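J.: One structure coming up, written as structure tokens, with questions to follow.
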């Protein structure tokens, strides 16, 4: 829902008839119309800050317009051309003549819809929008039940996306206003509060910033523009083999990347920031060539959660070379982080064989952003929950948490702390028992559990966060099981502290009676493999396949596809990497995701993707499921691709 | 400069006399006064979004006020109590009566300064500001040369910080307005454009978000509030030993953390977001107890760039326990990341013995935030530059970059690519020579260097990015040195590709003629040590030292201090960790940084800190400088601290 009302790079703000005659003291004053001005002005600033157009319509009537009472119409005379009443209020920021669309200019007929209007050069609203590639309209103004209504319905008929700002539109007639809102809703227009729009605009977490790039990308992009190299380039992203400590990867971060590409823009503000940091070679004139640059290319990618192997392309970008170059660092960074984490998390999921897994690593993740995406990627790979509140808010990851050692330390003794905590937090109650001595803590927890049960509060879990988890979990389990009380026997054991897939597997193999694992630092930093060898390589320019040669590392030229063969019951058999236009048995894994800079489909649901990952993990061959490195999965290169590679290797230039 | 005009958590917006009589058609209309309304309304929204107060003054004159012409004054009658002219414009958002301060209410004398006004309950502006702990005023309104001027000058006299919004204030008389601006400047008021204020408010990179916390911190904080545990807690952050693969740490991230703490606030918006993610136990009523919570505590920390060892406290937070608990994850995350990177980077600096080092790792850093702070932390530790453009913009890190393989691949051949690149980018020209074959590339680069020299363009460096850097750098150096041309012999060699301190040392030890190293992935993810064992532990509550017991890991209770002994020429001799109030020989390293939630000094300059780090590295004992792990530095625990620890270990509860 959040995503549906975002200000996209092809959005415009469309203000309907915010004219003096519709404001207090005007000829046709709409009730409360002055209340919308503050919000409208704020939104004008918001759009201008983003270098997105602010458009306005206006009634622009001849003195004896057919709609006037005096001419047999239904309205008092209003908005007569060049009158004060037809003007915008003095406090409204100025708009270019080109962005103001006048309607009802002919004596004979009335026009309620902004789409009947035209600007001073005589261009219609529709033509203006299409020629500026604007697809989404945020609509506010007067009156909701007349001109706003007709404009919105026309916009929808013509295929524009509409977000009606319901706090910034006022109607004349209450019943008609309700009816108008219904009609607009049925037409597919979204409605939203303008404060929400501005909040979302600012609060979307870590949209990867356009300026988080390597300096040479700016140099390259400016040079491409200056030397008129504007042909389409195809870049592919893949993880170079061998994978080391991993038998497979889970492709992740693709939806995050598509979000970034949709909003990527070198704004005025960005150029200004760059100019201030200016150094020889990056003068304002050169940087100006990048002003307003957006990503208008195509993206093919595997769906998020797809299992992949070394050297298989995760995605392909096809765009004018300057654009494809400028996004290089963002593409690698976004996909690398989440793919690395999801791949590690999937190993934990396999090791835990169905036991509950909770991501706990935010504090030692490499920044808040890394922690957020670690929570997202590990949930995608099959984790059950996270302690990261922001991941709950933004990605709907289920949240989980217990209590702190400091809470226990701050109380007179452990029993007091348990009791006080339980009374205030009776739901889903887990007690942390290792602050002073784990077995003593377990005993005290059992005593308190009895007292609490009388109050109808039940302890659900005990958490161990240090020490020898194998022996401690066995002892604690014994303590719990020895009690007569069913509600004590039902208490589960949660373990955490330096866990990873190897340790989880060892604990389970050795019979540790642990019901849930909290996995933190080692997951969030992927400690045994804190980076993958992800690379973003040019594979084609201007229709000609390209290849970088490298001693010891073989790269593959041309636009490629992965063809995956599976058994009828879904087990993975083998992959072939071939050229994109080859016809080879198997399912092509790279799918079109974005065309001319716009997503082809709504974002894939994280929850659905997670379900698919769990099924895919199940269907992996056993030797690939293993934590140890066994024989690699059967991935071959097609003859045609091999032949192309050999040909270019022989004469690369 | 940026930091000086930020909207801090103790800021208020103060609107001066934005009344109908001063607007067009008013009795005392100020020229262009209507132009400020849009910007003022936007700023009102900005402050309200942050739950910061919007205050207004107004002239509120009796009918026969002494300042009127009719009474011998200098102004036409204006702003008469309860008249339309004294009202705020209808489009202005409503303000609470408590936030409107009326002045000039007595017939006898005029009052220009808002500080002479009082609100409806009869409270003066100054009392209001002090009782709400507001220290910074953003001032806009009318007229700049009269009431704005007097209000600003009074505010400065009373010690408030003032940012005058020069685009949102208009004067009556031009000369007086210029004079007013001069006086305000001399008084110490800052002036700024309101768009800049709003831009900064949104653009400050990665202010660690208040909601990036672990769920249990919310639980703890709510429980503390509910059970009225409001005493002061002292938490200390340290890195548990042994350090593994490190002989010392460079403390970093402290300024970033202070930025975060100054702006930390649980706003209305945050609470709303939490409520939407609500689950049993986190109902709105409970969450409401955290609304408006800010960090009002004290911080002691070592200055950024200080060399530290295992178990030495990097900082101490002293605050009401709920506040100290809520920031736990942020404190650990911010300090951990930058300290880890700075510590790794310092090893590279030692290994490179004066050769130039450039940070290149953004693409495989764990997110854009991690990359930004890796650039900052490595520069702090002595690196010379970074490729990360955002680090240049926000932290003033010098930028450096070369060219891409894809640039060469996209051209017909390497020579064409070199030529085209050099002509467009003649400054600081480095050519990448390993796209097809490094030695061939070096040859072609020499040829092109001659052609370019005729045009006055000189190649400064050749970059190797793959292959055996030792033998290739030797071969390339030979090729260059064999040429007759001085400008070719002067070309330097830049190497990159899987570098870290070990590889840099090996290359230098084996005589690789490399002048500059680009260090990327392995630095940005601290690959041999992708996390430190940083912990944030309660050491005192309500004046009583506290201790968590842990099998195998010894922790130290109480508020502590590090006392460092050095020789007269600055060589480090030994450290003692003692209790904060002990008197022990040596310099106390933890210094007061923040009091009641406010910085005690301006942020420490990154460039100065870097100079200090370079000097400190120089002054390290040789066995600590070594990359291998030798005998640890001499750190002892004071007798008094040991005694306290033993006493609590014996009876912790």
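Only the coordinates and a few stated rules stand behind these numbers; no lab work does. This is a predicted model, so every value here is computed, not measured. Positions of Cβ are generated from backbone atoms using ideal geometry, with glycine treated the same way; all protein chains shown enter the neighbour counts.
J.: Just subtract the alpha-carbon distance of residue A:604 and residue A:272 from 0.36 nm times their residue separation and send over the number in nm, one decimal.
T.: Here the answer is 116.0 nm.
J.: For a paramagnetic label modelled at 7 Å from the Cα of residue A:637 toward its Cβ, which residues of the range A:314-355 fall within the zone defined by backbone nitrogen distances under 16 Å?
T.: none
J.: Kindly state, to the nearest 0.05, the FRET efficiency for residue B:94 paired with residue B:527, given R0 = 51 Å and r defined as their beta-carbon distance.
T.: 0.35
J.: Now, a different point. Does the range A:331-402 classify as rounded, prolate or oblate by the C-alpha gyration tensor (a ≥ b ≥ c root eigenvalues; a/c under 1.5 gives rounded; else a/b over b/c gives prolate, otherwise oblate)?
T.: Numbers: a/c = 1.79, a/b = 1.13, b/c = 1.58.
Verdict is oblate for the range A:331-402.
J.: Sequence gap at least 6, Cα distance under 8 Å: using those rules, report the relative contact order of the range A:401-554 to the nearest whole percent.
T.: After rounding, I find 16 percent.
J.: Can you give the relative contact order of chain B as a percent, counting alpha carbon pairs under 8 Å and 6+ residues apart?
T.: 13
J.: What's the FRET efficiency of residue B:416 with residue B:595 using the Cβ-Cβ distance as r and R₀ = 45 Å, to the nearest 0.05?
T.: 0.10
J.: Next up: Measure off 7 Å from each Cα along the Cα-to-Cβ vector at residue B:196 and residue A:573, then give the distance between these two points in nanometres to one decimal.
T.: 6.8
J.: Further question: By the gyration tensor of its Cα atoms, with a ≥ b ≥ c the square roots of the eigenvalues, what is the shape of the range B:30-128: rounded for a/c under 1.5, prolate for a/b over b/c, or oblate? Numbers along the way, then the final one.
T.: On the way: a/c = 2.40, a/b = 1.48, b/c = 1.63.
Cα axes put the range B:30-128 in the oblate bin.
J.: Next up: With the crude spin-label approximation of a point 7 Å out along Cα→Cβ, what separation in nm comes out for residue A:509 versus residue B:498?
T.: 2.9
J.: While we're looking at this one, here's another question. Per DSSP H run of n ≥ 4, the term is -39500 (n - 2.57); total these for chain A, divide by its residue number, and report the mean residue ellipticity at 222 nm rounded to 500 deg cm²/dmol. If you can, show how the numbers build up before the last one.
T.: On the way: 23 runs with 233 residues, N = 653.
Rounded to the nearest 500, it is -10500 deg cm²/dmol.
J.: Tell me the angle of helix A:174-186 to the major Cα principal axis of chain A, expressed in degrees between 0 and 90 and rounded to the nearest ten.
T.: In chain A, helix A:174-186 runs at an angle near 60 degrees to the longest axis.
J.: How far is helix B:328-352 tilted, in degrees, relative to the longest principal axis of the Cα atoms in chain B, given as a value from 0 to 90 rounded to the nearest 10?
T.: Roughly 40 degrees, rounded to the nearest 10.
J.: Would you kindly compute the Cα radius of gyration of the protein assembly as shown and its largest Cα-Cα separation (Dmax), both in Å?
T.: Final numbers for Rg and Dmax: 33.4, 101 Å.
J.: Can you compute the FRET efficiency between residue B:64 and residue A:31 using 1/(1 + (r/R0)^6), with r the Cβ-Cβ distance and R0 = 41 Å? Round to the nearest 0.05. Don't jump to the answer; show the numbers that get you there.
T.: On the way: r = 37 Å, r/R0 = 0.91.
Computed FRET efficiency for residue B:64 and residue A:31 comes out at 0.65.
J.: Let me ask something additional. Among A:537, B:99, A:560, what is the fewest-to-most ranking by other Cβ atoms within 10 Å?
T.: With the fewest neighbours first, A:537, B:99, A:560 line up as B:99, A:537, A:560.
J.: Then there's this: Provide the gained length on full extension for the span residue A:486 to residue A:544, in nm with one decimal, where the gain is 0.36 nm per separating residue minus the Cα-Cα distance.
T.: Here the segment from residue A:486 to residue A:544 would lengthen by 13.7 nm.
J.: Counting only Cα, what are the radius of gyration and maximum Cα-Cα distance Dmax of chain A, in Å?
T.: 30.8, 95
J.: Given label points at 7 Å from Cα along Cα→Cβ, what nm distances, shortest first, separate residue A:622 from the same residue in every other copy?
T.: For residue A:622, the other copies' label points sit at 5.9 nm, shortest first.
J.: In nm, give the distance between the simple-model label positions of residue B:244 and residue A:230, each being 7 Å from the Cα along the Cα-to-Cβ direction.
T.: 5.5
J.: Expressed as cubic angstrom per residue, what is the convex hull volume of the alpha carbon set of the range A:204-299?
T.: Per-residue hull volume (Cα only) is 157 Å³.
J.: Could you give the length gained on full extension between residue A:553 and residue A:81, defined as 0.36 nm per residue of separation minus the Cα-Cα distance, in nm?
T.: Gain on stretching residue A:553 to residue A:81: 162.7 nm.
J.: To continue, here is another question. Report, for residue B:475, each distance to the same residue's label point in the other copies, shortest first and in nm; define the point 7 Å along Cα→Cβ.
T.: Once sorted, the set of distances for residue B:475 reads 6.3 nm.
J.: For Cα pairs less than 8 Å apart in space and 6+ apart in sequence, what is the mean separation divided by the residue count of the range A:27-186, i.e. the relative contact order in percent?
T.: After rounding, I find 21 percent.
J.: Moving on to the next point. Once the Cα atoms of helix B:438-454 and of chain B are each reduced to a long axis, what angle between those two axes, in degrees from 0 to 90 to the nearest 10, is obtained?
T.: Result, in degrees: 60.
J.: When each copy gets a label point 7 Å from Cα toward the beta-carbon at residue A:508, what are the spacings between them in nm, shortest first?
T.: Relative to the other copies, residue A:508 has label-point distances of 4.7 nm.
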